[in-house]
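First comes the structure, then the notes that go with it.
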Amino acid sequence: MKISAEDDFPILIELVTGATVPSADVDLARDVVAGDRKAAAEFVERFSDPVAKYLRSRLTPRIDLVDDLTQEVFLGAWQGLKGFRGGSSLKSWMLGIARHKVEDYYRKQLREALQELPEDREIPEPRLGADILMDRQRQGSWTWEILAELPEHYGLALRWRYWEQRSATEMGQLTGSTEKAVERLLSRAREQFRSKWREREEGK
């Protein structure tokens, strides 16, 4: 399992420490499945904000999509709760569903972008690595601002590659494209990111 952001820390804790899932999570899932309205209301109240926060972090600047995708996540949860056995916390389980919804969106958008990408020379790899993209504690505001300014397909490509830690090979397989085409897209995205980063450094 790949860990990529602060919202995934509950999953990391479970993997590293072997922490057990609270029985309250299993009980809540069982009660929701049984049709308990109070339990259903508690379920929505507990997980609406974490799910929406995760989606916003992966979809900015397209925050207009957050409400609809949040509803899709909960719909998927209602359909899958019967199979919840406490292998992870409910929060981690819900964020897992959200992650799949986000990747579905990435896949659709990048498939279209890759189909329109011209066959030209590759841009040389810039001196920009995952350390900058992932360092949202020290220089987070710049990262967020720049990703929001980039054309959507560039921002999504960088998030998918660095935050979700998908390789170019995986991204190509998931979009029905080639690894080479994905690398070209990532090269263009990194170049634009670096250019905007330099503008901020020079403007300090």
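Volume per residue of the convex hull around the Cα atoms, evaluated for the stretch 17-106, comes out as 97 Å³. For the stretch 189-204 versus the stretch 167-182, the spacing of their alpha-carbon centroids is 26 Å.
Each reported figure results from applying straightforward, stated rules to the coordinates on display, with no laboratory input. Keep in mind that this is a model prediction, so the values were computed, not measured.
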